[in-house]
Each structure stands twice: as C-alpha cells, then as structure tokens.
1. Can you tell me which residue within the range 40-61, out of those that are open to solvent by 30 Å² or more (accessible area, probe 1.4 Å) and either aromatic (F, W, Y) or at positive phi (or both), is nearest to the chain's Cα centre (by Cα)?
2. What are the residues in the range 75-85 that are open to solvent by 30 Å² or more (accessible area, probe 1.4 Å) and either modelled with pLDDT under 95 or under 22 Å from A30 (Cα atoms) (or both), if any?
3. Report every pair of residues separated by at least 6 positions or lying on different chains whose Cβ atoms are under 7 Å apart, first residue within the range 26-49 and closer than 23 Å to R66 by Cα, second open to solvent by 70 Å² or more (accessible area, probe 1.4 Å) and of a type in the set (D, E).
4. On the given criteria, is E33 open to solvent by 60 Å² or more (accessible area, probe 1.4 Å) and modelled with pLDDT of 95 or more?
5. Report, by residue number, each residue of the range 55-87 that is over 18 Å from S22 (Cβ atoms), assigned to a helix (DSSP H, G or I) and touching a helix residue (DSSP H, G or I) at 6+ places or on another chain (Cβ under 8 Å).
6. Quick one: in the range 1-20, which of the residues that are open to solvent by less than 90 Å² (accessible area, probe 1.4 Å) and farther than 19 Å from R63 by Cβ is farthest from the chain's Cα centre (by Cα)?
7. Which one of F13, F52 is assigned to a strand (DSSP E or B) and farther than 17 Å from A85 by Cβ?
8. Please give the number of the condition T27 fails out of (1) of a type in the set (V, I, T); (2) part of a helix (DSSP H, G or I); (3) surrounded by fewer than 17 Cβ atoms within 10 Å (Cβ to Cβ).
Amino acid sequence: RQQAGDRDYESNFLIQLVAITSDRRATAEALHEQYKPPFPVEDVLAWPGFLFGEPKEIAEQVREHRDRFGFTYLTVLEPAMADFAKVIEHLK
C-alpha cells in the first residue's frame, strides 16, 4: 500500500479452506493434527487463507483480514465455494 502511494491498486488473496463449524478451535486442531505443520494451532486459526466458524463469524474474519492486510478482493478455491456461499449474504 505504501509503495502504491496515490495510485489505485488491487490486492488479491487466495482462500484455500472454508469450514462452517460451531467450534473453530476443534476444526483447526483437527487440521493441524492431519497435516502436522511446524507452527502452532493459533497460526492455523489466524491464517487468512483458512476461514473457520459460523457464516456470520467468517464474514467478520474476512472484514478483519481486509482491514489488516488491505485485500481488495478474494479468490476462493472451488472445493471451498459451497461453504463460502453461505458467508456471502453476511458480507453485505
């Protein structure tokens, strides 16, 4: 953003996983256990490419990531589209 100065720019981010769940932490822990990444579960929960929670909660995560990182649009991987579709109405 700083390097763009007064120029308009677009910033895209790829959403890799959307999981509609009432227990964000348990879902992140299961993913962490499955793939065993070299970082803690908290990083899985914080990563903007993974969205966990109820649709309204995920919409809030998208807004927070947009404000923090400056994304102007998102790309959602096809396998995650069915769950992300439930979020869209909460992004209005």
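1. Residues of the range 40-61 that are open to solvent by 30 Å² or more (accessible area, probe 1.4 Å), as a first pass: 40, 42-43, 45-47, 50, 54, 56-57, 60.
Now drop any that are not either aromatic (F, W, Y) or at positive phi (or both), which leaves 47, 50.
Numbers: W47: 7, F50: 4 Å.
Per the criteria, the residue is F50.
2. First, the residues of the range 75-85 that are open to solvent by 30 Å² or more (accessible area, probe 1.4 Å): 75, 77-79, 81-83, 85.
Matches in the range 75-85: L77, E78, P79, M81, A82, D83.
3. V41/E29
4. On the way: open to solvent by 60 Å² or more (accessible area, probe 1.4 Å): yes; modelled with pLDDT of 95 or more: yes.
Against the criterion (open to solvent by 60 Å² or more (accessible area, probe 1.4 Å) and modelled with pLDDT of 95 or more), E33 qualifies.
5. V62, R63
6. Among them, the one singled out is G5.
7. Values: F52 fails: farther than 17 Å from A85 by Cβ.
After ruling out the rest, the residue left standing is F13.
8. Status for T27: all satisfied but (3).
The values are calculated or read from the model by the stated rules, or taken from the named source; none is laboratory data. As the structure is a prediction and not an experimental result, all values here were calculated from the model. Note: ideal-geometry Cβ built from the backbone for every residue, glycine included; neighbour counts use all protein chains shown. Ligands, DNA and RNA are excluded from the accessible area calculation, which covers all protein heavy atoms including side chains. Shrake-Rupley method; radii C 1.70, N 1.55, O 1.52, S 1.80 Å.
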